[in-house]
Amino acid sequence: MDDLAGFLRTRRSRVDPATVGIPTDNRRRVAGLRREEVAHLSGVSVDYYVRLEQGRATQPSEQVLDALARVLGLDETERGHLERLARQRRRRAKAPGGRVRPELLRVLDLVADAPALVMDHRLDVLAGNHLAGLLYGRPLPGLNTARHIFLEEAERGLYADWETCTLDVVGHLRLAAGKYPDDPRLASLIGELAMGSERFRRLWARADVRARTHGRKAYRHPLVGLLELHQENFALPDESGMELLVLSAAPGSPTEDGLRLLAGLGPVFDPASGSAASGPVPRRAGEALA
């Protein structure tokens, strides 16, 4: 799904030669740095670097990876991705399962005033609290947010910053593909998105990686309007590949009022059961998936 050679090629193509002291003129035919320029600046032989980009050299040293990261201007997330790709042949992580512990479901139940979700590395929603189900307006277990964003045209309006969301999704899936290259379900998802979305194909070809940690997330909910939320991502332990996402509103903000209104609507849709309720629905976490 992802490889060291392709990542190196895309990263050197984005480096402005002038930033590393290489003069340019209008006769230059390549975008970014040439292979020999990367090799020279990194202190490795041209032949060795060419073999790296052709996938014929394996197990580059930490010193070589550090030098490449410096020359290519990689950030911390990209540097970690580079190392995982370089180590794939030696150590290939097994894709984790998707079971959510009952104790974690109880934690979701305790989050009463903010949408909260548990997602895996494929962006499958494994569980969510009642308010998260109302935000998305559908049952949460079985929802994949990558499909939701790229392939479900009718749902696109939910995301106030749709283009930014697509960048985040592709960057996250790139990281996941580097960490779990032998995950058939992840490979199938990426293929499905590439077949169904021209934007996904364009973004995937850029080989950008992004780590989801925290930041603004805005939704245009059809019933309560604009919700400007702050998303915090908490990686769960035990190498589960899962994250707990909590979407909070600033105290006293219109969004806090909007969430309160959303939670009190009735009759409402019960996202845990997938059925309509005749009155207020008790707060329940979504059922875990196998």
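The values are calculated or read from the model by the stated rules, or taken from the named source; none is laboratory data. Worth saying up front: this structure is predicted, and the values here are computed from it rather than measured. A quick note on method: Cβ atoms are made from the backbone with ideal geometry, for glycine too, and the neighbour counts reach across all protein chains shown.
Would you confirm whether any residue within the range 106-114 is basic (Lys, Arg) and modelled with pLDDT of 95 or more? Spell out how you get there, then give the answer.
Pass one, the range 106-114, residues basic (Lys, Arg): 106.
Pick out the ones that are also modelled with pLDDT of 95 or more and you get none.
The answer is no; no qualifying residue exists.
Select from the range 1-31 the residues that are hydrophobic (A, V, I, L, M, F, W, C) and farther than 23 Å from LEU193 by Cα and write down the one among them that is surrounded by the fewest Cβ atoms within 10 Å (Cβ to Cβ). It would help to see each step written out before you state the result.
Filtering the range 1-31 down to residues hydrophobic (A, V, I, L, M, F, W, C) leaves 1, 4-5, 7-8, 15, 18, 20, 22, 30-31.
Restricting the remaining residues to those that are farther than 23 Å from LEU193 by Cα gives 8, 15, 18, 20, 22, 30-31.
On the way: LEU8: 22, VAL15: 19, ALA18: 9, VAL20: 16, ILE22: 15, VAL30: 11, ALA31: 11.
Once the filter is applied, the top-ranked residue is ALA18.
Which is at negative phi and either surrounded by fewer than 22 Cβ atoms within 10 Å (Cβ to Cβ) or in the same structural domain as GLU78 (by TED's automatic domain parsing) (or both), of LEU167, LEU108, LEU126, LEU140?
Working: LEU108 fails: either surrounded by fewer than 22 Cβ atoms within 10 Å (Cβ to Cβ) or in the same structural domain as GLU78 (by TED's automatic domain parsing) (or both); LEU126 fails: either surrounded by fewer than 22 Cβ atoms within 10 Å (Cβ to Cβ) or in the same structural domain as GLU78 (by TED's automatic domain parsing) (or both); LEU140 fails: either surrounded by fewer than 22 Cβ atoms within 10 Å (Cβ to Cβ) or in the same structural domain as GLU78 (by TED's automatic domain parsing) (or both).
That would be LEU167, the only listed residue that is at negative phi and either surrounded by fewer than 22 Cβ atoms within 10 Å (Cβ to Cβ) or in the same structural domain as GLU78 (by TED's automatic domain parsing) (or both).
Within 13 Å of the chain's Cα centre (by Cα), in contact (Cβ under 8 Å) with a residue 12 or more places away in the chain, under 18 Å from VAL246 (Cβ atoms) and part of a helix (DSSP H, G or I) - does that describe any residue in the range 118-128?
There is no residue in the range 118-128 that is within 13 Å of the chain's Cα centre (by Cα), in contact (Cβ under 8 Å) with a residue 12 or more places away in the chain, under 18 Å from VAL246 (Cβ atoms) and part of a helix (DSSP H, G or I).
What are the residues in the range 183-220 that are outside any helix (DSSP H, G or I) and more than 15 Å from the chain's Cα centre (by Cα), if any? Even if it seems obvious, please write down each step before you answer.
Applying the first criterion (outside any helix (DSSP H, G or I)) to the range 183-220 yields 183, 197, 207-220.
ASP183, SER197, ALA218, TYR219, ARG220, listed by residue number.
Determine if the range 178-196 includes at least one residue that is in contact with a strand residue (DSSP E or B) (Cβ under 8 Å, 6 or more places away or on another chain) and of a type outside the set (Val, Ile, Thr). Steps first, answer last, please.
Quick first cut of the range 178-196, residues in contact with a strand residue (DSSP E or B) (Cβ under 8 Å, 6 or more places away or on another chain) only: 189.
Those still in the list that are of a type outside the set (Val, Ile, Thr) too: 189.
Within the range 178-196 (the criterion being in contact with a strand residue (DSSP E or B) (Cβ under 8 Å, 6 or more places away or on another chain) and of a type outside the set (Val, Ile, Thr)), the answer is yes, since at least one residue qualifies.
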